[in-house]
Amino acid sequence: MNVSGERTFAAPRDAVWKVLNDPASMAKTMPGVQSFDIHDAERWTANVKIPLGLGGLKMQIDMNKTEERAPEFAKLQIKGKGVGAMLNMETSFELSDADGGTAMKWAAEVKLAGPVGSMGQRVLQPIVNQQVEHVLSALDREVQAAVAGGA
Amino acid sequence: MEASAPAVSTSRSITVTINGTTYEREVEARKLLIHFIRDDLDLTGSHIGCDTGNCGACSVIVDGTLVKSCMMLAVQADGASIETVEGLADGEELNKLQTAFRSNHALQCGYCTPGMLMSATALLRSNPTPSEGEIKKALQGNICRCTGYWNIFKAVKEASGQ
Amino acid sequence: MLLREVGYARPESLGEAIQLLAADDGARALAGGQTLINVMKARAGSPDALVDLSRIEELRGIELAGDGTLEIGAMTTYSQIMASSEARARPILGEVCAQIADVQVRNRGTIGGNICTSDPTNHLPPLLAALGAEMVIYGAAGERVVAADEFFLGVYMTAVGTGEVLTKIRVPAGRSDGFAAVTLGIEGTCIASAAASINGSVKLALGCVDAVPVVLAPASVAADDVRAAVQAADFFPPSDVHASSEYRTHLAEVLAVRAVAQASEKTKG
Amino acid sequence: MTSTTITPERVESDAPAATQKGQNVPRKEDRRLVQGEGIFVDDVKRHGMGYIHFVRSPYAHAHITSIDVSKAEELPGVYGTLTGEEVASLTEPFFQLAREPASHLQDYALAVGKVRFVGESIVAVVAETRELARDASELVEIEYDPIAPIVDARMAQGDAPVLHDDAGTNVMWEGSFEWGDLDAAFAEADKIIKIDELHFHRFNSTPLETNGALAEFNRGTGQWTIHCNNQFPGFAAIMMGPALRCGIDKLRFVTQDIGGGFGNKITTHPQLVVCCLLARKLRRPVQWTEWRTDFHMSMSHANERWFLDTEVAVKNDGTLLGFRTKALDDTGAWLRYEPLGCIIWSQVAPGMYRWRNIRVDFTQVATNKAPCSPNRGYSRMQHLWFTERVIDIVAHELDLDPVDVRKLNYVRSDEMPYETPNGCVYDSGDYARMLDLGLELVDYANIDARRADAKARGKLLGLGIGSTLDSGTNNFAQSQLINSDLQFSGNNEVATVKLDIFGEIVVTLGTVPQGQGHETPTSQVVSDILGCSVDDVQVRAGHDSYWNSHAGFSGTYASQFAVTGLGAVKGAADLLAAQIKRLGSAVLGAPIEALELAEGSVRIKDNPEVALPFMACGAIINANNAGLPDDLEDVTLNCRYVYKPPFQVPDLERNFGNLTLTYATQIHVAVIEVDPETGYYDIVDYAAVDDCGKRINPRIVEGQVMGATALALGAATWEIYAYDEDGNLLTPNFYDYHVPHALDMPPLKTADIESPSPFTPLGTKGMGEGGGAGIHAICAAVQDALRGNGDAIVADSHNPYHKVWELLEHPAEAGGHVSVVNA
C-alpha cells in the first residue's frame, strides 16, 4: 500500500532536516516506542508497541537510511518483525523552502505480511493513515521545540 | 472509598452445570468455553467450524441465552447452566426438532447440526410458531455447507407444528 | 482459536473496574467480547489482562427520561435494546441492532463494546454520531461526557482512556432517523453505511469510508443537497477485497441519499 | 419454501413398497448425528497425546536462511518439534504425477529451504495442550530472504522468478488438444466471435469441518494408525507409503463421520506424514487440528483458470461449429493432485453441445498461492463455465435468444449414447427437456412482463441459464494422457456383505462418505436383494483400511458412489444371496430355482411355510457346519465383491477415448434483480433441474442438488481466495470469505427427470458435482440484466456487487472484450 502527502513546517529547512535526521527526536515521533537503540547515523532499532486499542501490536523495528542528500532528501528502509506480522516499509521525504517555512513531500510504501497482515487488511489503510498523522504532528512538535531550543 | 478490586489471575476454579450435570474444574483464563466443553469435559457434540465466530457450530444455550461458545471464555461461564446438543434427546427418544431434521433430510455431514439444533431450540422457545422469515433470521448465525438450508427451514417449521 | 495467556478479573463494581484498568495499561475492559475475543484468537492483539464488566449492574439497563432522552447502559446487549420498550422511543436503535451479525452475537455483543471497538464497519458509530448521542465516561477523576462527534478517534481508538470505562450512552429524543448500508451478504459486514437524523436540521454520518464516522450537515433533505454535502466532504475510503475506494465513495453518496430519505419519510405524518 | 418436485411424491420406507430402491428412506446416519454422537476426527482422543501446531510462512516467496527451534523446545510442556531438514532426511519427496520437467519437484511434508506461499508449513511444534503448542510456535525463530512472488498466472512465464529450481520453469504441464477439423469449421463459419480473455476465479467448498488427524505409531509392528478425515485414503496411501519408506499396509486409515469434503479433503498427505513422523519421534500419539485460517491459506484451492484468445466458429442461426482457446491454469505452489486437472476437463470437452471441432492449448503454471487440488466439479466446472459463457456471448453478439442457441446446439436425446469428438460417451439424457422444465419453474412465459415490472421499480431483471455435465466414475487411464509413464487405469470399489452367526447382515464399504449418507442407499440395495427390511441391514460407519474392504481407488470423490459403491454392494449382495440359496437348497431339499429370499429367510416360493431363517443360515455356516455337503465348501456367507467399470486405455496419440462412465446432468435457471445504483442484486427466482439416472434415494439426490447450488451461488457472488500483489491472502476467514448464510439463500425450486444409464449395474449415475451450473447461471443473468444498460460482457466467474457496479459504470473496461468477424 502506498501513502504520500505534503506538509509545511513553520521552520527553516536546516532545522527540519536536523530533526528528521536526529534519531533521538525521531524516536519521540514514533507511536508506542518502548526502547530505542542508535547503532550509527544510518541504523537505528526500536521496540515498539503500536497502539491499536484492542491491545498493542509488539514489533522490533529496524531502520536503515539508504539514501541521503542533505539538506533536502533522504530515504529510509524500515523492517518490522512481530509475532504473526512482518512490516516492510520504504519511506522518503524531500524538503524544499516554502514561504516562511519548509515544505516536506513524503511518500511511503507499506507492506504488512503474516496472519495479522491478512486479518488487518480490512482496516490497514485507515490505521496507516492514522499512524502517519500521528507521526507528522509529533514531528511538527519536535521541529517547533528544536527551533525554540535553538533560538 | 472503593473496596479493593479482585485479584487478576491467569486461571481459576469454575463451576458449571451442563445438561443437568455439575462440573467443577480449574481452567486457564484464556481457554474458550468451546474448548472447555469439548476437551476438558469430553462433550464433543458441539463443534468448531471456524476461528472467527462466524459459523455457529459451537452454539450452546447459556442460562437460557443462545451464544457461540467460541466467543466466550470458560471463566465467564462460572456458575452458569449450559445446554448442549447432548441434552436434547430423552434417552434414545429424539425430540421434535431432532425428528424433524431427520425426516426432512435437514442434515448431510451433520457437522453444523448440533449448533443448528441449538439455534432452532432457542427460536422455538421464544417464538413457538415462527414464520419462514423468522426461521431464516434465527439461523443466520449458523453456517451449513451441505444442505443449502431449505430442508433445515422446513424441519424447523415442521417441528413447530406448522 | 488459541489465545495467549491472559489475566482475568471480574469486578462487581465500577470502582473496582477502573482500579483494575488503571493498574495496568495493558489491561482491557471485556464487554460482550464479540470482537475482542476474536482479535485475541488471531493473537492480533493480546491484552495483559481482561477486566470482565459483565457483573457490574450499574452498566446495564435502559432508562427513558421525561424529556425523551434515552440512557443506555454500556453493557446492554443488542438483543436487550431490540426487546426494550423504552428503547422504542428511538425506534432506529432496535432496527439497526437487529441487522448486526446474528442472534448469538446480538445476545452477547453490547452497545458499549460496539462503539469502543470503533471498527469502521460497525453499525453503531455512524448511527450514534447521526443521532447526536453523548458518551458518559467514568474514571478515577470522576465522570465526563463526550459528544459522539468527538468520541471516535480512530480505528479501535476512542476517547475512553487508560483507567476509564464507558458507562452510558445518552440518546436524545427523536424519531426521524434513517440507516442504509450495503453489506457483504444479507445483514453481513458493512461495505459502506450511512445514518441520518432530522431534528430541525439534517445530520448525516457515513460509515466505512474513513477511520471514523464522517459527520455531515446537508443543507436540506433534498437529494441534491445531500449529494453535494457528501461530495464536499473530505474522507479517504479504503480499498479492500470487497470494494474499491471509488465504489465506497459512490456508495457513500447513494446510501446518504437513502438514509436521509428514510428519515424524512418519518417526519411526515 | 418453494421447492417443487415434478416427479410424484414418493412414499416413506415404513409404508409397504415393491422395492426399497427409489424410496425416500430416512438416513441411518442421522440418529447419531442429531444427538451429537457422531465421531469426527477432532473428537478422537488418546492418553498422553500431544497437540501439533504448525509454524507457517508469512511470505509468499522466500528463501529460509535459518531456523532455530531451541527456545520453543525449552518451553515447559513442549514435547518436541519437526523441521523441514528432518523431514528431508527421514522421507522421500512425494511422488509426482507430472512428466518432465515438473516431475523433478521436490515436495516434502514441510518446507525445505524455501517457502512458496503464505501459510506454507515450515516447522511443526508438539505440546501438552493446544495453547502451549501455539505459544511455543511463536518462539521458533526463522530468518527469511524474500523473493519477488508470482500471483498472476499470466506473469508466470518469460523472465519471471522460478518457484521450483528443480523444474527450472513455472510451467508445470502443457499440451495441445485438437479434435475434428478446425480449419474446415472456421471456413464453413458465417461469423467468428473472438473473446480476448475469460477468467474463472479461485475458491473452494470450505467444508465446515476442517482437516485433522490423530496418529499413533506401533513400535512393535512399525504400523501407523491414522484417525483422520481424508476422503480418499487410497490416494493418500499411494503418496505416503513411498515417502515414509513403508508398505501400504503399515498405514491404517480410520475415519467415521466426516464434516464435509467436496474434494478438499483428499490432499492432506503432507500433514499426515508430519503426524506420522512426530508420533514415531516423540513416542506418543499426536493430534493435528487444522484451523479455519490454516485451511483458507493452504488447503486444496480450486483451479483458477484463464481462457485467452478464444475464437468461436458459428453460423448466423447460432449453430456452433467449433472453438479454439488457450487455457492457462493457475495451480498454485505445488502439484499435490495436479496436473490431473489438465486433462480432467476433457471429460466434458464440448460441454453439452454438438460442436465437433475443438482445439484447446492447455498450459498449467505454478504461482505463489495455495496449491490447487480437487474441489467439487474439479476442472470440469472451469471448462463448463467457459462453454456456457461462450454460448451466452455468442447469443449476445448475434442478438439471439440464449434459450434458442442452447436448444439448437444441445446434444439431442435421440443421439444418446453420444460419442464426443474426443471419444467420451455421454450415456443418456434429455437436455432440452430439462431446460424446458427449468424455464417453466421460473415462469419464463411471463419474463417480459416481469422485466417491465422490475424496471418500474428501478431494478434490472436478468435471466440466466447454466448447464452442467456431472461426469462420474472416471477412468484413471486419463492420467496417461498427461504422463504416459503413469501406470494407472480403470477404477474399482469394494463392498463386503456377510451374514453373521446370529443372522445379522453386515455391510462393509470401501467408500469414505462425508455427508452423502452411504449407509442408507446401501441398505436399500441390500434389502431388495436379500428380501429383508432396510433396518435389518447394518452398514459399518466410516472407513477402516484394516477391514480389508477397499481397493486402490477406494474413496468418495468424483461422483461415483451410486455406480462404483453401489455396484460393489449389489455384486456382494448377489453373491451372498446365491450362497444363501445354495445352503437353503441343501437344507430344505428343494432346487435353487424353487427358492426365494423373503422376510429374512430363504424359503420355497410355492410353500413359504418351508423356510430357513437367516439366523439359522448364519449359525450353520459359522458354528454348526459338521456334515455339510462338500459342494457347499465355498459357502462362507461372507462375500467380498470388487466392482470394476468397463474401461479401455485411451489412444494416447489422439487424446481419444472414454474417460468417464456416466454423465449426470443439471440445468439451472436464475432470475436476478440488479439495483443499478449499487450493483447489488437479489436472486428472485431459481430452478435446478437434475437428471442422474435411476435414483436410489431421491431425497438424498435432491439434497446434493440443493447443497451444490448453495456452494455455487456463494462462489458466484462472494467467495474468492483473493491475493494482494505480495501474495497475502485477503480472505483468510469467514468474515472476508463470505459463504451463504440462511438469509442469503434464495428460493430454490427443484425438478428432475430420470434417464437411466445403460452402462451401470443399477441404471444409476454418480452425481453431486453439477452445482457449478449456479455459477454459469448467475454470470448469464448478470449479463442479461445489463442488456441495454451498457451491454457489458461478463468475463469473470466472480461477480460481487462492486464488480456489477463497475460493469454498469465502465462496461468497456470492466467487461470482456469481444469482436465479431464476418468469415
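Among the residues of C:178-188, the average count of other protein chain beta-carbon atoms within 10 Å of the residue beta-carbon is 5.
Measuring between their Cα centroids, region D:365-390 and region D:195-273 lie 21 Å from each other. Going by the alpha-carbon gyration tensor, a ≥ b ≥ c the square roots of its eigenvalues, is chain B rounded (a/c under 1.5) or, if a/c is not under 1.5, prolate (a/b greater than b/c) versus oblate? Prolate. Taking amide H as placed 1.01 Å from N in the peptide plane, D:Val610 has its amide H under 5 Å from the amide H of D:Ile604, each at least 5 places away in sequence or on another chain. Shape class for region D:586-673: prolate, because the ratio a/c of the largest to smallest gyration tensor axis (alpha-carbon atoms, square roots of eigenvalues) is 1.5 or more and a/b beats b/c.
Residues A:Ile127, D:Ile52, D:Ile620, ranked from the fewest to the most other C-beta atoms within 10 Å, line up as D:Ile620, A:Ile127, D:Ile52.
Basic side chains Lys and Arg get +1 at the Cβ, acidic Asp and Glu get -1 at the Cβ, and with that the dipole of region C:38-157 about its Cα centre reaches some 460 debye.
Across region D:293-449, Cα-Cα pairs farther apart than 22 Å form 50% of the total.
With contributions of -39500 (n - 2.57) from each DSSP H run of at least four residues, the per-residue ellipticity at 222 nm computed over the protein assembly as shown stands at -8000 deg cm²/dmol. Note on chain B: antiparallel DSSP beta bridges, both residues inside, total approximately 90 percent of the bridges counted.
Shape call for chain D from the C-alpha gyration tensor, a ≥ b ≥ c root eigenvalues: rounded (a/c under 1.5), prolate (a/b greater than b/c) or oblate? Taking the square roots of the gyration eigenvalues as a ≥ b ≥ c, chain D is oblate.
Exposure proxy ranking for D:Met240, D:Met745, based on other Cβ atoms within 10 angstrom of each Cβ and starting from the fewest, stands as D:Met745, D:Met240. Here's the picture: a label point sits 7 Å out from the Cα of D:Arg654 along the beta-carbon direction, and within region D:391-420 the residues with their amide nitrogen under 14 Å of it are D:419-420. With the simple spin-label model, which puts each label point 7 Å out from Cα in the Cβ direction, the B:Asn95 to D:Asp183 separation comes to 7.5 nm. Highest average first, the peptides B:54-61, C:4-11, D:584-591 ordered by how many other beta carbon atoms sit within 10 Å of their residues are B:54-61, C:4-11, D:584-591. Let me check I've understood the local charge: for D:Arg451, count other residues with C-beta under 13 angstrom from its C-beta, Lys and Arg +1, Asp and Glu -1. What total comes out? So the surrounding residues net to -1. Beta bridges per DSSP, both residues in the protein assembly as shown: antiparallel share near 85 percent.
Between the beta carbons of D:Asn789 and D:Val821, assuming R0 = 30 Å, the FRET efficiency works out to 0.70 to the nearest 0.05.
Computed 3J(HN,Hα) for region C:54-60, one whole-Hz value per residue from the Karplus formula 6.51 cos²θ - 1.76 cosθ + 1.60 where θ = phi - 60°, is 5, 9, 9, 4, 4, 8, 10, glycine and proline marked x. When D:Thr760, C:Thr69 are arranged by Cβ crowding within 10 Å, least crowded first, meaning fewest neighbours, the order is C:Thr69, D:Thr760.
Between the listed residues B:Ala57, B:Ile82, B:Ile18, the Cα displaced farthest toward the positive end of the dipole of region B:11-85, a dipole computed from Cβ unit charges relative to the Cα centre, is found at B:Ala57.
Entry note, chain A: relative contact order of 28 percent, from Cα contacts under 8 Å with a spacing of 6+ residues. Under the convention that each Lys and Arg Cβ holds +1 and each Asp and Glu Cβ holds -1, the size of the dipole of region C:177-267 around its Cα centre is about 160 debye. How big is the antiparallel share of DSSP beta bridges in chain D, given as a percent to the nearest 5? Of all bridge pairs located within chain D, approximately 80 percent are antiparallel. Only one residue of D:Trp306, D:Ala136, D:Ala715 has its Cα farthest out toward the positive end of the dipole of chain D, where Lys and Arg carry +1 and Asp and Glu -1 on Cβ, and that residue is D:Ala136.
Remark: chain D carries a charge dipole of roughly 1640 debye about the Cα centre, counting +1 on each Lys and Arg Cβ and -1 on each Asp and Glu Cβ. The 3J(HN,Hα) values that the Karplus relation (6.51, -1.76, 1.60; θ = phi - 60°) gives for region D:202-211 are, in residue order, 9, 7, 7, 9, 5, x, 5, 8, 7, 7 Hz. Gly and Pro appear as x.
Sequentially through region D:411-421, phi angles give Karplus couplings (6.51, -1.76, 1.60; θ = phi - 60°) of 4, 8, 4, 6, 9, 7, x, 10, 8, 6, x Hz, Gly and Pro residues having no value and appearing as x. The amide H of D:Val123, built 1.01 Å from its N in the peptide plane, has D:Val55 as neighbours under 5 Å, considering only residues 5 or more places off or on other chains. Its alpha carbons considered, the protein assembly as shown gives a radius of gyration followed by a Dmax of 32.6, 123 Å. Ordering D:Leu762, D:Met172, D:Val123 by Cα displacement along the dipole of chain D toward the positive end leaves D:Leu762 in first place; charges were set at the Cβ atoms of Lys, Arg (+1) and Asp, Glu (-1).
If one computes the Cα centroid of region C:102-156 and of region D:748-823, what distance in Å separates the two points? Result: 44 Å between the Cα centres.
Read-outs: derived from the displayed coordinates by stated rules, not from any lab. This one's a predicted model, so the numbers in the text were calculated from it and none came from an experiment. Glycine also receives a Cβ, built like all others from the backbone with ideal geometry; neighbour counts cover every protein chain displayed.
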